[in-house]
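Encoded as structure tokens, the structure appears first; notes follow it.
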Amino acid sequence: EVKRNGKNGFQFYSSQFDEHVMEKIELEGALRKAVERNELLVHYQPQISIQNEQVIGVEALLRWIHPEKGLIPPGTFIPIAEETGMIGEIGAWVLREACRQMQQWQSRYGWNVPVSVNLSTQQFHQENLVGSIKGILEETGLKPEYLEIEITESMMMDAIRSSQILRELTELGIRISMDDFGTGYSSLSYLKMFPIQKLKIDRSFIKDITRNEDDRAIVATIIAMAHNLKMDVIAEGVETKEQLDFLMNNGCDDIQGYYFSKPLSSSDVESKYLTIMDELSKEASS
Ligand code: C2E
Ligand code: MG
Ligand code: MG
Ligand code: MG
């Protein structure tokens, strides 16, 4: 059996299809309750400067702890949230939570690094995105320069509208980074049209960087291009010393990946990175 799949083409139904639909409907119902039941939480993955090994920022990554199924990865439930329109509410929740947390870390520990938050395609195109982000910043007291928004190439299809939104966000003082760079289909010309401060090289290019000549060439070229366009560049998914060495030798600014740290819960961030500062400030004030 063949059925139209959205506007892009056709999908073949298999015997697994019904199972899939059931699972999706089940997840959708559970996701509606997840927000009310406080089953969502945000983890934070440190981003590290290659030059001085300091944490220069953290990426907020959404987690869903289902009471029976356990941890459900964002790749599974964010598409459902997008399809059902729940992403508006969930996305606003993530933004508010990440801003609240970073503001608290700044005021308690003097930890002045930005938090970066992923936007979904629907969220990016929602009415009054800029106004709602502005509201969240005012509500949480986080200064705009400590919020970074991660967008992807596929969101930039409507170039005129996208550049308008990005310009308004930038005028507020928010930074913009291009996530999963190199995996989208859009034209490179947006790099000069849009106010983007940072490119995040997708993990798929980093994975085999020590073995694959093509990946090495692509990554070296992205780094050089970013710098020529006066943008910073961060490599995602760095897991080994060999990958880090290649990136260092090619002038990459920052890394994010398991080699340095997995995404951490708020309390793990505090015990790993913030206790010492807290103790130091106690000592200093006693
Ligand atoms: P992303 O924004 O590209 O985030 C990076 C993903 O790579 C995260 O997966 C992170 O855990 C994973 N990662 C980081 N370092 C390594 C590494 O060294 N090795 C490997 N194998 N993986 C690494 P995660 O948390 O499962 O998130 C997957 C995707 O879900 C994100 O990709 C992002 O597109 C989306 N996502 C996560 N949180 C949110 C959110 O709050 N809103 C929206 N709209 N999307 C989100
Ligand atoms: Mg991201
Ligand atoms: Mg990414
Ligand atoms: Mg990715």
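Compute the length gained on full extension between Lys69 and Gln197: take 0.36 nm times their separation in residues and subtract their Cα-Cα distance, giving the result in nm to one decimal.
Once the chain is fully extended between Lys69 and Gln197, it gains 42.2 nm.
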Given the -39500 (n - 2.57) contribution per DSSP H run of 4+ residues, what per-residue ellipticity at 222 nm results for the chain, rounded to the nearest 500 deg cm²/dmol?
-14000 deg cm²/dmol
Give, rounded to the nearest 20 debye, the magnitude of the charge dipole that segment 29-115 has about its Cα centre when Lys and Arg contribute +1 at Cβ and Asp and Glu contribute -1 at Cβ.
240 debye
When a/c is below 1.5 the answer is rounded, else prolate if a/b is larger than b/c, else oblate, so apply that to the chain with a ≥ b ≥ c taken from the square roots of the Cα gyration tensor eigenvalues.
rounded
Using a simple spin-label model with points 7 Å from Cα along the Cα→Cβ vector, what separation in nm is obtained for Trp93 and Lys241?
4.2 nm
For a 23 Å ceiling on Cα separation, which of these pairs sit above it: Lys198/Lys262; Lys33/Lys134; Lys241/Lys262?
Lys33/Lys134
Positive-pole candidate from Ile149, Ile50, Phe246, dipole of the chain, charges at beta carbon:
Ile149
Gap in Å between the Cα centre of segment 112-147 and the Cα centre of segment 168-244?
22 Å
Taking a spot 7 Å from the Cα of Arg37 along the direction of its beta carbon, which residues of segment 62-84 have an amide N less than 16 Å from it?
63-73, 77
Taking R0 as 35 Å and r as the Cβ-Cβ distance between Glu19 and Asp214, the FRET efficiency 1/(1 + (r/R0)^6), rounded to the nearest 0.05, comes to 0.40
Would you mind telling me the antiparallel percentage of the DSSP bridges in the chain, rounded to 5?
45 percent
Quick one, could you list the DSSP H helices from the chain stretching 30 Å or more along their long axis (Cα atoms) with average Kyte-Doolittle hydropathy of -1.0 or above?
16-36, 87-109
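All of the numbers you see were taken from the coordinates with simple rules; none came from a lab. This structure is a prediction, so every number in the text was calculated from the model and none was measured. FYI the Cβ positions are ideal-geometry reconstructions off the backbone, even for glycines, and counts take in every protein chain you see.
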